[in-house]
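One structure is given here, and the rest of the page talks about it.
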Amino acid sequence: MDERAAGNTVWGYIARGRGVGLINASLAEQLPRGITLLDVNAPQTTLTVDAVWNQNHLPIVARTLDAAAALASARDWL
């Protein structure tokens, strides 16, 4: 089955109320009658980072953690 046929099948299911689909906004002009495109908000993601180090290297660890904190603050990640 080519992509166009697969897309038509998906559109058909959606138009009959049997599903949803995520598409690029660039396809908005190609939507069949009966299908509405809605904007989806970007998800709020959380990334947790743990640090583990050898106590013999505390000065370099402190500098690394300071640099990471400065970067996170500058990029408004905190």
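Observations
- Pairs where the first residue, in segment 62-78, is under 14 Å from VAL49 (Cβ atoms) and the second is loosely packed, with under 10 Cβ neighbours inside 10 Å, C-beta under 6 Å, 6+ apart: ALA72/LEU78
- When each of ASN8, ASN41 is tested for being surrounded by 10 or more Cβ atoms within 10 Å (Cβ to Cβ) and either modelled with pLDDT under 80 or assigned to a loop (DSSP other than H, G, I, E, B) (or both), the lone residue that passes is ASN8.
- Test for THR64: is it of a type in the set (S, T, N, Q) and at pLDDT 85 or above: yes
- Flag if SER26 is small (Gly, Ala, Ser) and at pLDDT 85 or above: no
The values are calculated or read from the model by the stated rules, or taken from the named source; none is laboratory data. Being a predicted model, the structure only gives us computed values, none of them experimental. Cβ coordinates were reconstructed from backbone atoms using ideal geometry, including for glycine residues, and neighbour counts include every protein chain displayed.
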